[in-house]
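Enquirer: Here it is: the structure, laid out below.
The values are calculated or read from the model by the stated rules, or taken from the named source; none is laboratory data. Predicted model, so just to flag it, every value in this text is computed and none were measured. Glycine also receives a Cβ, built like all others from the backbone with ideal geometry; neighbour counts cover every protein chain displayed.
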Amino acid sequence: MSRRSNALAERLEQGARALADFASALTDAQWQTRGPRDRRKIGVVVHHVASMYPLEIQLAQTLAGGNPVAGVAWDAVHEINAAHAREHDAVTKAAALDLLRRNSAAAAAAIRALSDEELDRAAPVSLNADAPLTCQFVLEDHAVRHSYHHLAAIRVALQPGPE
């Protein structure tokens, strides 16, 4: 295991742990609260983060192998997210947190398996206008950042509105 891959994995684990710790303390009403932008329930968003780790790792591993990420468009991502929200609208806190723990652990293990050479490999990424991006950048921008991004949005959604 390289020092860099271990550091990336630790950042992913820290973000997943922060999301899990915050989510585990939510009331049932908070779990059902909808976010202001895309109207997904907070519980659905926690489950979404957990369920996206395998796909995000797969994309990074594609780049690590020196292959481009092709045929993946933001419209498809939005469709996947909308379908996920419909399918998991009633997700329980226990189920979402269990999936978050399992998938974040598997993602961290996959990251730790990457060498520095693999982290540095770059190839075109269709999600980013076919810009040649490194495996490390894609990990940081997706799998590592994902829990931090949604935790911040959840905190905003739960703030009391103006009186």
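Enquirer: Among the candidates LEU55, LEU114, single out the residue that is touching a residue at least 12 places away in the same chain (Cβ under 8 Å) and either touching a Gly at 6+ places or on another chain (Cβ under 9 Å) or not acidic (Asp, Glu) (or both). First the steps, then the outcome.
Expert: Numbers: LEU55 fails: touching a residue at least 12 places away in the same chain (Cβ under 8 Å).
None of the other options fit; the residue is LEU114.
Enquirer: When the residues of the range 3-54 are narrowed to those that are of a type in the set (A, V, I, L, M) and surrounded by fewer than 17 Cβ atoms within 10 Å (Cβ to Cβ), which ends up farthest from LEU97 (Cα to Cα)?
Expert: ALA7
Enquirer: Moving to a separate point now. State yes or no: is ALA109 at pLDDT 95 or above, surrounded by fewer than 20 Cβ atoms within 10 Å (Cβ to Cβ) and either of a type in the set (A, V, I, L, M) or over 29 Å from MET1 (Cα atoms) (or both)?
Expert: Details: at pLDDT 95 or above: yes; surrounded by fewer than 20 Cβ atoms within 10 Å (Cβ to Cβ): yes; either of a type in the set (A, V, I, L, M) or over 29 Å from MET1 (Cα atoms) (or both): yes.
Yes.
Enquirer: OK, next. Write out, first by first residue and then by second, each pair whose Cβ atoms fall under 9 Å of each other, whose residues are 6+ apart or on separate chains, and whose first residue, in the range 136-163, is within 30 Å of ARG121 (Cα to Cα) and at pLDDT 90 or above while the second is part of a helix (DSSP H, G or I) and of a type in the set (Phe, Trp, Tyr).
Expert: ALA143/TYR53; HIS146/TYR53; LEU151/PHE22
Enquirer: Restricting the search to the range 55-77, which residues are more than 24 Å from ARG101 (Cα to Cα) and in a helix (DSSP H, G or I)?
Expert: Scanning the range 55-77 gives LEU63, ALA64, TRP74, ASP75, ALA76.
Enquirer: So, one more: Name the one entry in GLU118, GLU87 that is of a type in the set (Asp, Glu) and buried (at least 18 other Cβ atoms within 10 Å of the Cβ). Can you show your working first?
Expert: Details: GLU87 fails: buried (at least 18 other Cβ atoms within 10 Å of the Cβ).
Of GLU118, GLU87, the one residue that is of a type in the set (Asp, Glu) and buried (at least 18 other Cβ atoms within 10 Å of the Cβ) is GLU118.
Enquirer: Something else: Does any residue in the range 65-79 that is aromatic (Phe, Trp, Tyr) come within less than 9 Å, Cβ to Cβ, of a residue that is surrounded by 10 or more Cβ atoms within 10 Å (Cβ to Cβ) six or more places away or on a different chain, and which pairs are these?
Expert: As it stands, the answer is TRP74/LEU127, since those pairs meet every condition given.
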